[in-house]
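Only one structure is covered here, and it is reproduced in the block below.
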Amino acid sequence: MNKVNDILNVLIIDDEEGMCMGASRALSSTTVFIDDLKIMVGFSSKAVHSYAEYKKDIMDKKYDLILLDYKLPDGSGLDILQEVNEHSKETLVIMMTAYATFETAVQATKLGAYDFLAKPFTPEELRNSVRKAATRFVLAKRAKSFEEEKRKIRFEFISVLSHELKSPINAIDGYLKLLKEGSITAESENYQMVIERSLIRLEGMRKLIFDLLDMTRIESGQKTRHIKSINLIAILNMLIEQNRYEAQQNGITINLFSKEELSMDADQSEIEIILNNLINNAIKYNKPSGTVDITVIDKQNQVEIQVKDSGIGLSRDEQDKLFNDFVRIKNPETIHIQGSGLGLSTIKKITALYEGSINVTSQKGIGSTFQVTLKKYLNDTICPKIVT
């Protein structure tokens, strides 16, 4: 028997004791599998026999589904239906009545009834109606939860982005005001320093915006992918040359260990994002006169790329957080290093497109090794090729 993941609370409102007992027995042995969510739902039921009992009980408990008789000894089920619909848009009501007419069904539907059962009905008819209602209820509830989570993520995203942009904007604003007021002139000792720091801050903002665009295009599926056979080693050599000047400024040596050519199916821009981020990080977080060793391993159906640095390294706690959005490791050794906090999380998203992964092994003060594994050949079921 499959495990029940969720229990829905059902209230049965009917003045017939036998009807309530029969419905409770039917529900106790009923489950519904929500295929879209891969969960099994069961039911817990309680019965009341009048409008007065319903009013008393509903004060203490909220119900997911209500099986509601049309005629009650002290009122109409339609009054309860209207109250439920006004106070709880989530609760679904299935009307039950021996007075099944077209007019009654229309009236109940207008007041918000989800379904309509004409008495007498079989246990299986009841189960079928309840299963449909349960599926609708669970999916609607989960959709609402997802929407709330999206709003929360969007708010956090904007808050973090605002924070990351506020600091460089304030710094540049301060420098420009000093220049405007004449506190610093072209002849001043600090003039070049102010210009250089402003440019560094601008470059940091530019990288944040580009990383953000890369991430959102990939996550939204709006990025046009041009899959073709590429030479991974040629791309690596190009990116090493692009980063060589920054490496030389800090006395860092970049070594590449690979065969001369290695072909794979890929979107070149995606591979460049992965490799450029890894090489750039290995330089930024390295030590003066350090090394960056890049090793490419050609496997049968995969390519493994290792980027090893002799840098500041990471603690176990820092490694656990590393691949989340906007995560920047902040400590005395990284306080002056610019970054968006999106590079590694974007790499993780791209590697998933190649049925791959990214991992890190690191020791504080000794260095880090980032290992990326990518599927070498993409078939049409994974990513349809786009002719360029």
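Taking strands (runs of 3 or more DSSP E) that do not extend beyond the range 33-112, which have at least 3 residues that are under 33 Å from the mean Cα position of the chain (by Cα)? It would help to see each step written out before you state the result.
Details: elements: 39-48, 65-69, 92-97.
The strands (runs of 3 or more DSSP E) meeting that bar are 39-48.
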- Item | Top-ranked residue in the range 352-373 [being of a type in the set (Val, Ile, Thr) and surrounded by fewer than 20 Cβ atoms within 10 Å (Cβ to Cβ); ranked as nearest to Gln300 (Cα to Cα)] | Thr373
- Query: From Ile294, Ile271, Ile283, Ile279, which residue is at pLDDT 95 or above and surrounded by 18 or more Cβ atoms within 10 Å (Cβ to Cβ)?
  - Reply: Ile294
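With Leu78, Leu72 as the choices, which residue is surrounded by 15 or more Cβ atoms within 10 Å (Cβ to Cβ) and out of contact with any strand residue (DSSP E or B) (no Cβ under 8 Å at 6 or more places or on another chain)?
On the way: Leu72 fails: out of contact with any strand residue (DSSP E or B) (no Cβ under 8 Å at 6 or more places or on another chain).
So the residue among Leu78, Leu72 that is surrounded by 15 or more Cβ atoms within 10 Å (Cβ to Cβ) and out of contact with any strand residue (DSSP E or B) (no Cβ under 8 Å at 6 or more places or on another chain) is Leu78.
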- Message: Take Asn255 and tell me if it is under 30 Å from Gln363 (Cα atoms), within 34 Å of the chain's Cα centre (by Cα) and polar (S, T, N, Q).
- Response: no
- Message: Among the residues in the range 364-378, are any at pLDDT 80 or above and in contact with a Cys (Cβ under 9 Å, 6 or more places away or on another chain)?
- Response: no
- Task: Quickly run through the range 122-136 and pick out the residues that are crowded, with 18+ Cβ neighbours inside 10 Å and free of Cβ contacts under 8 Å to residues at least 60 places away in the same chain.
- Result: Ser129
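The values are calculated or read from the model by the stated rules, or taken from the named source; none is laboratory data. Small disclaimer: the values here were computed from a predicted structure and weren't measured. Note that each Cβ is placed from the backbone with ideal geometry, even for glycine, and that neighbours are counted across all protein chains shown.
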